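Working notes, beginning with the structure itself.
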């Protein structure tokens with residue numbers, strides 16, 4: 001089965017749910033994914049639950065720092081932090097740490113809809129001119145991309161799997177709500193499942 005074709009919504013912006021399904025299509029066990037607060041968790045779950053998905057639920061600002069730790073601890077794996085613009089803007093120190101650590105297996109993909117989706121769709125700073133890609137450049141990321149078109153988005157999966165990190169991409173997605181696809185909510189279960197699938201002893 002081929003990867004789902006990335007499309008735009010009626011507002012002319014990329015459909016987030018199909019984008020994430022495309023990114024996760026035919027994934028290998030060499031990809032570890034940390035999903036940030038709210039909608040990125042739902043998008044990742046909708047693409048198919050996997051033992052190497054770690055859903056952070058309400059841990060605001062935690063996706064990039066956790067991904068840094070994983071990338072350092074699992075240097076033979078590719079680690080993806082899948083998060084939103086609101087979370088990144090409220091946790092720029094994590095992005096700075098990612099640039100400073102210089103881990104070549106770390107990729108950060110921001111689903112940028114210019115909204116705080118979990119608190120009422122208020123505008124974020126990216127909707128008011130803040131450029132996260134240029135921010136990532138200034139913080140030391142080796143490779144950066146801004147994704148606005150479906151053609152660019154279609155190339156993102158291959159880029160994510162092969163780019164030398166730390167790498168950063170901001171995908172400009174539609175603010176239209178995609179609905180909830182709720183992953184497991186038991187943090188102890190998620191941690192244990194993740195560790196066991198990596199062949200690590202339970203704690």
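Table for the structure above
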| read-out | value |
| --- | --- |
| Candidate set: the stretch 54-70, residues that are within 11 Å of the chain's Cα centre (by Cα) and part of a helix (DSSP H, G or I); chosen: the one nearest to residue 198 (Cα to Cα) | 67 |
| Near pairs, Cβ below 9 angstrom, 6+ apart or cross-chain, from the stretch 81-93 (without any contact (Cβ under 8 Å) to a residue 40 or more places away in the chain) to any residue that is surrounded by 24 or more Cβ atoms within 10 Å (Cβ to Cβ) and part of a helix (DSSP H, G or I) | 91/63; 91/64 |
| Selection within the stretch 120-150 - at pLDDT below 95, surrounded by fewer than 20 Cβ atoms within 10 Å (Cβ to Cβ) and in contact with a helix residue (DSSP H, G or I) (Cβ under 8 Å, 6 or more places away or on another chain) | 125, 130 |
| Residues of the stretch 29-46 satisfying the condition of being more than 13 Å from the chain's Cα centre (by Cα) and either under 22 Å from residue 95 (Cα atoms) or not in a helix (DSSP H, G or I) (or both) | 29, 30 |
| Residues of the stretch 151-185 satisfying the condition of being surrounded by fewer than 14 Cβ atoms within 10 Å (Cβ to Cβ) and touching a helix residue (DSSP H, G or I) at 6+ places or on another chain (Cβ under 7 Å) | 180, 182, 184 |
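Okay, residues lined up against (1) surrounded by fewer than 18 Cβ atoms within 10 Å (Cβ to Cβ); (2) over 12 Å from the mean Cα position of the chain (by Cα); (3) at pLDDT below 95:
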site	(1), (2), (3)
4	yes, yes, yes
27	no, yes, yes
52	no, yes, no
72	yes, yes, no
78	no, yes, no
81	no, no, no
89	no, yes, yes
106	no, no, no
110	no, no, no
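The values are calculated or read from the model by the stated rules, or taken from the named source; none is laboratory data. These numbers were taken from a predicted model, which means no experiment stands behind them. Cβ sites come from the backbone with ideal geometry, for glycine too, and all protein chains shown count toward neighbours.
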